[in-house]
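Just so you know, all these numbers are worked out from the coordinates, no wet-lab data involved. What you are looking at is a predicted structure, and each value in this text was computed from that prediction instead of being measured. Methodologically, a virtual Cβ is constructed for each residue, glycine included, from the backbone with ideal geometry; neighbour enumeration extends over all protein chains shown.
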Amino acid sequence: MSTSRNPQRLVVLVSGSGTNLQALIDACADPAYGAVVVAVGADRDDILALERAEAAGIPTFVKKVGQFTSRDNWDHAVADTVAAFEPDLVVLAGFMKLVGEDFLGRFAGRTVNTHPALSPSFPGMHGPADALTYGVKVTGATLFVVDGGVDTGPIVAQTVVPVEDDDDIDSLHERIKVAERAMLVENVGRMAREGFTITDRKVRFGA
Ligand code: GAR
């Protein structure tokens, strides 16, 4: 990814409470971070993440799957709307939808997602619950470049947290999210400032 534009423009897609979004917004307040959130998009309304964006004065948009006659049409509309904000990097931060072919046709290689498990273990919507059920002793979060699979793309960074004996899904997910936010902020910043390459699934910082 080229870093010629400074700051790099981020479009962030969300579905929930938006604590990862908030961490990015806070980091972007420092010009030295090298990135700015230019828009926040969601697949649903009435979520805290959209309130966080609005409180920060960031433009928002909502595209619900149900508003469209097909999933492909939804994907096309999301891609069109994201494109209008001319992002350098698209960040899926708790976005609970898979983007489709049209979106990836335009943003593959510059869309990242954060997943609350250590890939390739426990892909999908229930990473913390699946890790707990399996009985692993450590889990964490993975930042990856989105491809056509479910949480399968080239890995940018991972962070590890312990699983405690008395954890339930919420306590484990909260511990993951603390580490996840730090990982997201650190690595999106590096992507913006240093650029990155992907060769044989290996993501490396630098031009
Ligand atoms: C994060 O833990 C993120 O990894 C997860 O949702 C949470 C969103 O938290 N995403 C997924 O599970 C995607 N499959 P947030 O809304 O507070 O940022």
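Considering only the chain, what is the antiparallel percent among its DSSP beta bridges, to the nearest 5?
45 percent
Hey, can you list the DSSP H helices of the chain whose Cα span along the axis is 18 Å or longer and whose average Kyte-Doolittle score is at least -1.0?
Span-like helices here: 71-84, 169-194.
Just for the Cα atoms in the range 1-121, what are the lengths along the principal axes, largest first, rounded to whole Å?
Taking max minus min along each principal axis of the Cα atoms, the range 1-121 gives 43, 35, 32 Å.
Roughly how big is the chain's charge dipole about its Cα centre, with Cβ charges of +1 (Lys, Arg) and -1 (Asp, Glu), in debye to the nearest 20?
The dipole magnitude comes to about 720 debye.
Along the positive direction of the dipole of the chain (beta-carbon charges: Lys, Arg +1; Asp, Glu -1; about the Cα centre), which of T133, F95, A29 reaches farthest?
Farthest along the dipole direction, towards plus: A29.
Just from its helices, what would the mean residue ellipticity at 222 nm be for the chain, if runs of 4 or more DSSP H residues each count -39500 (n - 2.57) and the sum is divided by every residue, rounded to the nearest 500 deg cm²/dmol?
Mean residue ellipticity at 222 nm (helix-derived): -11000 deg cm²/dmol.
So how far apart, in nm, are the two label points at V136 and V150 if each is 7 Å from Cα heading toward Cβ?
1.6 nm
Given labels modelled 7 Å from the Cα in the Cβ direction, how far is it in nm from A32 to Q67?
Between A32 and Q67, the simple spin-label model gives 4.0 nm.
Rg and Dmax of the chain, using alpha carbons, in Å: what are they?
16.3, 48
Could I have the simple spin-label model distance between A83 and M125, label points 7 Å from Cα toward Cβ, reported in nm to one decimal?
If labels sit at A83 and M125, their model points lie 2.9 nm apart.
Given C-alpha coordinates of the range 59-168, what is the ratio Rg to Rh with the Kirkwood estimate of Rh?
1.03
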